[in-house]
Amino acid sequence: MSTTGTTSSTGTTGTTGTTGTTGTAQDREPQGHGFRPGRRAVVAAVGAAGAVAALGACGASEGSGSSDGSGAKSGTVLGSTGDVPEGGGKVFADQGVVVTQPRAGEFKAFSSTCTHQGCAVRGVTDGAITCPCHRSTFDPSTGEPTGGPATVALPAKKIKVADGSITLA
């Protein structure tokens, strides 16, 4: 291994080893301490990670078939009309939807996420969509709050009822 000495403008001597790098003592990495990134590298990495997170939070692209934020897609079969009793309803938890039948043959659908603090509504009892967390209740025809701490209606969902089947529209 040959080394040649070079003199920098500060008067210190650097060496050229088998790796072919030349530099002053300030430029070389201390032995046994490993790589430590500078402040600019750390700030740049944090900024890049933040940009990736922001882009990922933008949600589904237009035309992806998602009907809402729940991930349930248009055309997803929820169940049959026989699953939803007249004057009652049924929660389709996997799709984030509660379907009600306020009057014979009239079907309504709402988000199954309570607007108070995000709990899942449990079902339709005593003529109301009920949330077990803080006892909010909602009108099964409109989704409007009828009791409890919730003050905002459950968002309506579009459904299609045909041939005894209920699907997301």
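The values are calculated or read from the model by the stated rules, or taken from the named source; none is laboratory data. What you see is a predicted model; the values in this text were computed from it and never measured. Don't worry about glycine lacking a Cβ; one is built from the backbone with ideal geometry, like all the others, and counts go over all protein chains shown. What goes into the accessible areas is simple: the full protein's heavy atoms, side chains included, and nothing from ligands, DNA or RNA. Shrake-Rupley method; radii C 1.70, N 1.55, O 1.52, S 1.80 Å.
Some notes on this structure:
- Residue list for the range 131-169, filter: assigned to a strand (DSSP E or B) and in contact with a Phe, Trp or Tyr (Cβ under 8 Å, 6 or more places away or on another chain): 138, 145, 146, 156, 159, 161, 166
- When 156, 120 are checked against the criterion of being within 16 Å of residue 78 (Cβ to Cβ) and without any contact (Cβ under 8 Å) to a residue 40 or more places away in the chain, 120 stands alone in meeting it.
- Considering the range 134-166, the residues that are in contact with a Gly (Cβ under 7 Å, 6 or more places away or on another chain) and open to solvent by less than 30 Å² (accessible area, probe 1.4 Å) include one that is farthest from residue 105 (Cα to Cα), namely 136.
- So residue 65, is it at pLDDT below 90, more than 16 Å from the chain's Cα centre (by Cα) and open to solvent by 20 Å² or more (accessible area, probe 1.4 Å): yes
- Residue within the range 112-133 that is of a type in the set (Gly, Ala, Ser), open to solvent by 60 Å² or more (accessible area, probe 1.4 Å), farther than 18 Å from residue 168 by Cβ and modelled with pLDDT of 95 or more present: no
- Those residues of the range 85-111 which are among the β-branched types (Val, Ile, Thr) and open to solvent by 50 Å² or more (accessible area, probe 1.4 Å), in sequence order: none
- Among the criteria (1) farther than 23 Å from residue 147 by Cβ; (2) open to solvent by less than 40 Å² (accessible area, probe 1.4 Å); (3) modelled with pLDDT of 95 or more, the one residue 82 does not fulfil is (2).
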